[in-house]
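Below: one structure, written as structure tokens.
Rule-based calculations on the coordinates, nothing more; no lab input. Since this is a predicted model, take the numbers as computed values, not measurements. Positions of Cβ are backbone-derived with ideal geometry, glycine not excepted, and every protein chain shown enters the neighbour counts.
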């Protein structure tokens, strides 16, 4: 008897037990593998990969992972030096990596610590390490890249030589060495503006003298005054017989007075015109003085007589020394230009108003928009709480005792309310470098981001650094102990500030100059220099920056050089001044003499004529007065006589 | 791959049998959720867990996921708009802040506009879709399968040795 097909099968429950058990077994196997074998296999895998990557044996002493703690720890990493298999090229004591499950379950990455400690270089291995067989050598001859690099290097060298060959000390040396100004002066004869003007003035004066001589001829001469005098003497001034006679005399005297006035006015206006002309000439002579000064200045410029400026001197001295640092700043500036968001760059470069390009938009379905619903003291998407690195000076000459730490690298500083702080401190005993401290703070917790940085080096040796390398002068800092401090900040990714303070103690210089005079001056100056400091100040809105350098080296050197240079400059100035004065001196003297004689001559003539006229005028006036008095006395007398006659006639008529 | 193919064959076998209607309908409904969810998200793993440990037809779930993935792809612009409006709703903001800082919930990637839009659509459709799929399966069996089994060709095939071997094998190992 057979049962129906469906009823034969046992009814199955909702859970697939036949799947659960294999799954659990699978999980158990995974657990067993990870618990017992994974660390070992990973360690071996890393050693193998390291050997393949660096071509030398890599050893890892211990490796531990923990899934539940989300940690990784690697101890004793040794990488064999392929050239010296008995040594390690680098040995790392401890690498620790720890994450937080609490954050991972919230889809956030929180790294509690990422530490690399006890880095040592050139340590001795217990057993010589295995080294991979060498690869086949490349084809002989430089490749395209090498050729291009060589070409660029040559171009840079040529540019540097061109730049530094014309530095300021070279010019100073040329002057101090006695660049012969006199030799040059002969070549520029006839180009002096003052000389040209003096010649013009002289010619002008001659013309004016002729004009004035002509005009003087038109003035009342002695004979005219004599005629006037004679005419005056002829006028009757007494014993007038009739009023008509008196009237005629008075009219004649009036006419003579008017003629004298006319002469007087003519002389007055001529005198004024002359005075005006003479003042104009004197102004022209003064103008000539100004032209002489201007000519002297132009000649000084032509002969490149420098005025010593401490800042320029410092810049000239440290141009080469700072060149490499300036190149680094430019490099980082280029990086900033590359990475600063375009909207900020456009503001800085003034391109904010340009027409916006339409960017390629990814289709929304590809990604969508991810919102972040953060709150204070919650986990950001990424947070590395502490990363540390430390090394110890080993046998390697380049190794140092270093301790570095980065705190709070995060994708959202506002959520945790802490800035990212990176510090690196230590020293390199083999290189005599001590007190190194680098500190960088990236603060985005405020509306405007602020990056502050600090670099301190307590002491470092400086050897063989060329300061000046021109054909005339060579100055090198052969030995010194330096101390460096750099501090600065970058606000809102565009407002840049940096202060540099560099000190050199126990500095020794190698100074050579082509000219013996300057050689001794420079040697004496550099031998007596105290502590040298170099201060720099850079600021501006990226990418444009201004960089100023000051140093006491400039001022100290200036003091030493000033005396000699000033003497030379004064000598050159004197030569030029003497030359200019000599060139226009003759003309100037003649002009002044002519002006003076003209003034004396004309003044004398005009004054003489004026005196004569004044005398005649007085004579006319006295004669008029005399005529009037005489006429008046005669009239009185006549009136008395007439009255007497009339009284007598009246008496007769009355019979008295 | 073998497991997957086996499950897909099983889906067609079950579809043409007279049992497993709920298994098939729930499998298709789970496939809908899978299709509308991003692959690397906790809800995908949750659905896979359910499909794996509970008697939900896997083949149906995978086939439906494959099909609804295309639908979701076409629906993405709308899902993006919908997700933005949901995520930007001020009234829901405290809830989302709470969810965003809870364990596991952020692993759903609910804070992404497309994921949120698709999730909303998936959750709205999953229950009606289950009943709709059940209805369609029943209708399919009543019409298409019954008519096919009534044809002479099927009857002739059912009498062959191959079919009897297949039936026996299915009884023993199916």
**Degrees between helix B:113-140 axis and first principal axis of chain B (Cα, 0 to 90, nearest 10)** = 20
**Complete:** Fewest to most Cβ atoms within 10 Å: A:124, A:90 sort as A:124, A:90
**Message:** Please compute the average number of Cβ atoms from other chains found within 10 Å of each residue's Cβ in peptide B:92-98.
**Reply:** 2
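How high is the FRET efficiency between residue A:514 and residue A:466 when r is their beta carbon distance and R₀ equals 25 Å, given to the nearest 0.05?
0.90
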**Prompt:** Once fully extended, how much extra length lies between residue A:539 and residue A:19, figured as 0.36 nm per residue of separation less the alpha-carbon to alpha-carbon distance?
**Reply:** 180.2 nm
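Compare the peptides A:647-655, A:405-413 by average per-residue count of other Cβ atoms within 10 angstrom and give them in order, highest first. Display every interim value, and only then the final one.
On the way: A:647-655: 8.9, A:405-413: 17.9.
Going from most to least packed, we get A:405-413, A:647-655.
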**Request:** Round to the nearest 10 and give me the degree value, 0 to 90, for the angle of helix B:42-53's Cα axis relative to the longest principal axis of chain B.
**Result:** 30
**Prompt:** By per-residue mean of other Cβ atoms within 10 Å, what is the highest-first order of A:474-483, A:266-275?
**Reply:** A:474-483, A:266-275
**Request:** Determine the shielding of peptide A:37-48 by partner chains: average, over its residues, the number of Cβ atoms on other chains within 10 angstrom of each Cβ.
**Result:** 0
**Asked** Can you give the average number of partner chain beta-carbon atoms within 10 Å of each beta-carbon in peptide B:78-86, as a whole number?
**Response** 2
**Message:** At 7 Å along Cα-to-Cβ for each site, give me the label-to-label distance between residue A:238 and residue B:8 in nm.
**Reply:** 16.5
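What order do you get for A:76-87, B:39-50 when each peptide is scored by the mean count of other beta carbon atoms within 10 Å, highest first?
Working: A:76-87: 17.9, B:39-50: 14.9.
Packing proxy ranking, top to bottom: A:76-87, B:39-50.
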**Asked** With each label point set 7 Å from Cα along the Cα-Cβ vector, what nm distance links residue A:650 and residue A:86?
**Response** 17.1
**Request:** List the residues of region A:263-284 whose backbone N lies under 14 Å from a point placed 7 Å from the Cα of residue A:204 along the Cα-to-Cβ direction.
**Result:** A:277-284
**Asked** What shape does region B:2-173 have by the C-alpha gyration tensor, where a ≥ b ≥ c are the square roots of the eigenvalues, rounded means a/c under 1.5, and otherwise prolate means a/b greater than b/c and oblate the rest?
**Response** prolate
**Item:** Degrees, to the nearest 10: B:21-36 long Cα axis against longest axis of chain B
**Value:** 40
**Message:** Quick check for you: which residues of region A:242-276 have the amide N under 17 Å from the point 7 Å beyond the Cα of residue A:614 toward its beta carbon?
**Reply:** A:260-272
**Request:** Between residue B:71 and residue A:425, take the C-beta separation as r, use R0 = 56 Å, and let me know the FRET efficiency to the nearest 0.05.
**Result:** 0.40
